[in-house]
Structures are given as C-alpha cells and as structure tokens.
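See below for the structure under consideration.
The values are calculated or read from the model by the stated rules, or taken from the named source; none is laboratory data. This is a predicted model, so every value here is computed, not measured. Here Cβ is always computed from backbone atoms with ideal geometry, including for glycine, and neighbour counts include all displayed protein chains. The area values use the complete protein model at the heavy-atom level, side chains included, leaving out ligands, DNA and RNA. Shrake-Rupley method; radii C 1.70, N 1.55, O 1.52, S 1.80 Å.
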Amino acid sequence: MRQAPFAAFCMTSLIFTTPALHAQTLDAMADEVEPRVIAWRRHIHQHPELSYEEVKTAAYVAEALRAIPGLEVQTGLAKTGIKAVLKGGKPGPVVALRADMDALPVEEKNDLSFRSQAKALWQGKETAVMHACGHDAHVAMLLGAATILSKLRAELPGTVVFLFQPAEEWGGAPDAPSGAFAMVAAGAMDNPKVQAVFGQHIGGAYPAGMINYRRGGTMASSDTFSVTVKGTGGHGAMPWLSKDPIVTAAQIVTNLQSIVSRQANLSQGAAVVTVAMFNAGNRANIIPETATIGGTIRTLNEATRKQIHESVTRMAQKVAEASGLTAEVKIETGYPVLNNDADLTTRMLGALERAAGPGKVGEIPPVLASEDFGAFAGAAPGLFWFLSASPYPDRAGAPNHSPQFMLDERYMKTGVKALVNVALEYMRSTPAK
C-alpha cells in the first residue's frame, strides 16, 4: 500500500525530466481516461446548445471538473463560460488549454444511438441543433486532459488553466463579441496571467490520426460586408425614366472580383471576396428603388484586410456614382487572423509527435475558414492545430457544419494526449517568472 505513491512520484518525476522516454506512461493514462472521454462526448453531442445558450452544457462540464481533484472552478464567465485552474506542486509558467462548447442550427442526419434530436429558437424560428463542428469532442478531450494533468499535479512545474468557451460560432460583432473575446475581456487570461495558450480543432479529414499545424497566419480573418445600391424605381418597359439599381449592383458584383486578382498583394497571403447574397425587386415589370448585395471577406494578414475593406467601399461607391446612383457600404469586422506563434509552434512539434506518433504531424497551407481562438492568441503566444478523425478507413468524412458530420471517436485519445503533451512540454522547457 505504501509503494503506489512512491511509484507514482517516480513516474511523474521522470515525465518532466525525460518526456520522450515516457510517452508510453502518458499513453497508458490516456487509455485509462478514454471511456470517460467518449461518454462525455456522447452526452454533450446528444444535448447540444446554441451560442450563449450553453447552460446545461456548462453545468455538465462544471460538475465533471469539480470531480477532478485539485481544480479551482469558476463558472459564469462571459455568460456560460468556465475557467478551471490547476496549480502544480512546483513553481513554473502558466499555460492555458481551450475548448469551445456551442453547437449549430443544423439537423443531424447520422444514424447514431446518441444522435441529437434537440431543438431551439434560431432567428425567431424553431430549428434542430447539432454538434456539427466537433465542439462536443473538444470539450470531452479537454476534460480528459484535465483528468490526466490532475493526477500529475504534485510534480507539475507550473499552472494549467482550462478554458471552456461559449459562442465560438457566434461570428462576432463590435456590440456582441463572440465567446473568446468575451472571455478575454472578462479576465480569463489573467489571475493567473497566461503565458501561452493552446487549442485544437477536430474534423473528419483523412488520414485519421494526423495532427496538422501551420506557423504564422493559420486561419483567416472573417468580415461581412453589405452594399445597398439606391436608385429610382419605375416601369420595366421604360427604364430610361428610372435609375436601375439592379444593373449597377450587378456591375459592382463583377468589379469586386478584380480586387483580389488585381489589387491584393497575394505574396503576403491568400484573400477571398465572395458575394453570397443579391436581393432586389418583387415583380417582373417593376424596377425597384434599391438592390442589396452581401458577402464575406477573408484575409491572412491585417494589411491586406485593411486594404480590401477600403477597396470594396471605393469600388461600390464609385461604380454607383458612375451610373448616377449611390451605394451605402457597411463592413462588420469579425474574427481576426489566427496567428500561430512561430517560435512556440517549433518548440511544441516534438510534443505533438509524441501524441500522434512518428510521421503523423505535418505543416499545411493556411485555412480560409475562421476561428475566434485568435482572441486568446492575441493575449498570449498561441498554437492551434487540427486533428483528423475521419470515420472512414480510406477517405475523408463529411466536412464540419454538415448534417452528416461524424467522427471516429478513437482519435479523441490523440487529442487528449496532444493537449497533455504540449502543456507538459511548455512547463518543462519554460523558466518560471
């Protein structure tokens, strides 16, 4: 009975001094927690909640955290967010690990025993809700990492902060920020002051078990624009008596395509301007007074982002002016570019490989989807990676946000190990302040 604590002490001490030689120890701990990780994920998957409505999810997560020894749990951060702090037995740096909790207004099409049948109000209408972006797995993997790190707390050379974030899918707006921005504003990265922050995103990519990363600009900024062209309505048979906003709006759509191809410096990173909405008129023989277009802007650096905002505004207004009409342009700033700190990324590659296995960690091109993890990475050096978990042995599964989105749960264990390994590596290799 007296030997077990001594053995555990020796085991944890060796993890911090020679981590590469003791990956099998962490693997065994991940094996042990895996059934709970799967159970946590399935419960959350079956009971999804939309952004800033994660009340039951937060209560479930808080209950699980309070059952883990050594954690100080704070709830109600940024409405439904949770912050848990694990203080190690030795002095050292403060590292944060993050997961997002919200689901999407999507009706699940998978035949699973834990399939979501939840419904909620979305934009005033009842809609089905589904964890179609893997956030259920993110939460479960972080709970698994917290469980393992708690067992090592006596020898932890530092402090680990676990952030369970609401409303990543919110989209962001100046008057209603998404969950990451709200948590940062509420002090989630302070007291204790976080020195590095890590996060991951699971998906149905192939081959399963791969961890992919990128240094620098990794995921794009995401901004929304709308252009309202104002003209003079009239009879469709006598267009010369009107100022047709549809023709002018169509010209603006065409001209906007030249911004990326002819005005953006693509050597600094990719960019996208997509018009996804065109609304005008209600009858075939009436020229309307207004036409409205809208879309998204994606960039990988702030200079290009600023330049494209200016170009969209100028292009729309000047094209309308040339036809004797006016154009009102609105651009709503969303998520910033998600930048992975280059030095931190390089330092953590060994830890990621210990989690995934040799040859299963690779650098990828930038992703033009967006993520509000950039709010945390703006408050401290950050690293965000992608975990592949295709449910098929020879091809990718359905993409994130699809009603058929599905994961192979076996690879959540890789995500648990990734979170644990980067936390341990950062604490092991960073001097205490």
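Points to keep in mind about this one:
- Calculated P(r) of the stretch 278-346 - Cα pairs past 18 Å, %: 56 percent
- Magnitude of the charge dipole, the chain, Cβ model with Lys/Arg +1 and Asp/Glu -1, debye to 20: 620 debye
- Inter-label distance for Ala284 and Glu72, nm, one decimal - labels placed 7 Å from Cα along Cα-to-Cβ: 7.1 nm
- Spin-label model, Ile331/Asp394: points 7 Å from Cα along the beta carbon direction are separated by 4.8 nm.
- Charge dipole (debye, nearest 20) of the stretch 331-433; +1 at Cβ of Lys and Arg, -1 at Cβ of Asp and Glu: 460 debye
- The apolar share of the surface of the chain, taken as the fraction of accessible area on carbon and sulfur atoms (1.4 Å probe, ligands and nucleic acids excluded), comes to 54 percent.
- Helix screen, the chain: DSSP H segments with Cα axial length of 18 Å or more and mean Kyte-Doolittle hydropathy at least 1.0 are 3-17.
- Checking the cross-link pairs Lys151/Lys417; Lys83/Lys306; Lys83/Lys151; Lys90/Lys417 against a 24 Å limit on the alpha carbon distance flags Lys83/Lys306 as lying beyond it.
- Measuring max minus min along each principal axis, the C-alpha atoms of the stretch 48-164 give extents of 52, 29, 21 Å (largest first).
- Column: log10 I(q)/I(0), Debye, Cα scatterers of the stretch 138-266, q = 0.16 Å⁻¹: -1.09
- Rounded to 0.05, the FRET efficiency of the Lys87 and Glu302 pair, given R0 = 41 Å and the Cβ-Cβ distance, is 0.70.
- Other-chain or far-sequence residues with amide H under 5 Å of Met406's (modelled H): Ala398
- Normalised by 2.2 N^0.38 Å, where N is the number of residues, the C-alpha radius of gyration of the stretch 254-394 stands at 1.44.
- For the pair Arg314 and Glu126 in one chain, pulling the backbone fully straight at 0.36 nm per residue adds 63.7 nm over the alpha carbon distance.
- Modelled this way, with points 7 Å down the Cα-to-C-beta line, the labels at Leu266 and Lys230 are 3.6 nm from one another.
- Here is the tail figure for the chain: Cα pairs spaced more than 31 Å apart come to 45 percent of all pairs.
- Listed residue (Pro157, Ala182, Leu387) projecting farthest to the positive dipole end of the chain, Cβ model: Pro157
- Of the residues Val367, Thr127, Val329, the one whose Cα sits farthest towards the positive end of the charge dipole of the chain is Val367 (charges of +1 on Lys and Arg Cβ, -1 on Asp and Glu Cβ, taken about the Cα centre).
- Within the chain, DSSP assigns beta bridges of which about 70% are antiparallel (rounded to the nearest 5).
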